[in-house]
């Protein structure tokens, strides 16, 4: 199905390869909704004859195609920037980061420019396939993750077709340090953002030892449980108790007493999904609630729709 949905994009890519023409790719941010745009002018051959005699005579029809700028849906956004010395491009869906595309290192200004172009093209290629699936009203429950036996890696899939590998160069936006967990959570985040009502719990075809998401040992110094809530839109951009500006999509949380900067692992006990958040605010102040997550963190563990839920909180050491 993906090949059919993205036929025009694939044909353009093949033609660019055979003709040697460069593909111009750029991601630009507009106020309110930033969109990634791809503009191209290509020359293609059409209606190539099947008859050998006609082909030998060179009787080929050709057409000049000058498509307008192809624009992703407002649901998708791509941003390129640096993180700890590496150039990255982050694919956002509905303003939440899903995948991070990482470079292999660039030491000069020219190399950085080339790296940005390559990263944006990689991100756009994946975004366009997802966008085509979304605009064709594909069933988000057909987004999956499987073990690729040939390369011994984890692949996100759309309608059974490989979308992208989760590896060192294409990472889940909120990595756990375990590729199988990252691949499963990336698939579930994408499913949820496109409207799926159920999460995946296993990786198709994965070896028995890696089929289930492992519990990660982060050096826990204390643990407590209780009810978690979340906050977001009305507080976005406001100053938190720590002095930071609140970002509804960041992996942060409010706690009444834990020191600012403390990292904690929050596990939704109903589905065993986990997220690592940093304490940068005070709260919650409602009776019986033990932690107040950002909207992005709540989405990460499946609490966004319910609003509240029972969690286990593990405080991490230095």
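Run the numbers on the range 220-316 and let me know its relative contact order in percent, using alpha-carbon pairs under 8 Å that are six or more apart. It would help to have the intermediate numbers written out before the result.
Details: 237 pairs, mean separation 42.1, N = 97.
Normalised by residue count, the contact order of the range 220-316 is 43 percent.
Here the extension length gained between residue 305 and residue 135 equals 58.9 nm, from 0.36 nm per residue of separation less the Cα-Cα distance. The calculated FRET efficiency for residue 287 paired with residue 79, based on their beta-carbon distance and R0 = 30 Å, is about 0.15. Segment residue 204..residue 148, full-extension length gain: 19.2 nm, with 0.36 nm per residue of separation and the alpha-carbon distance subtracted.
Given R0 = 35 Å, the distance between the Cβ atoms of residue 224 and residue 169 translates into a calculated FRET efficiency of 0.40.
Here, each number is a calculation from the coordinates, and none is a lab measurement. A quick note: this is a predicted structure, and the numbers were derived from the prediction, not measured. A quick note on method: Cβ atoms are made from the backbone with ideal geometry, for glycine too, and the neighbour counts reach across all protein chains shown.
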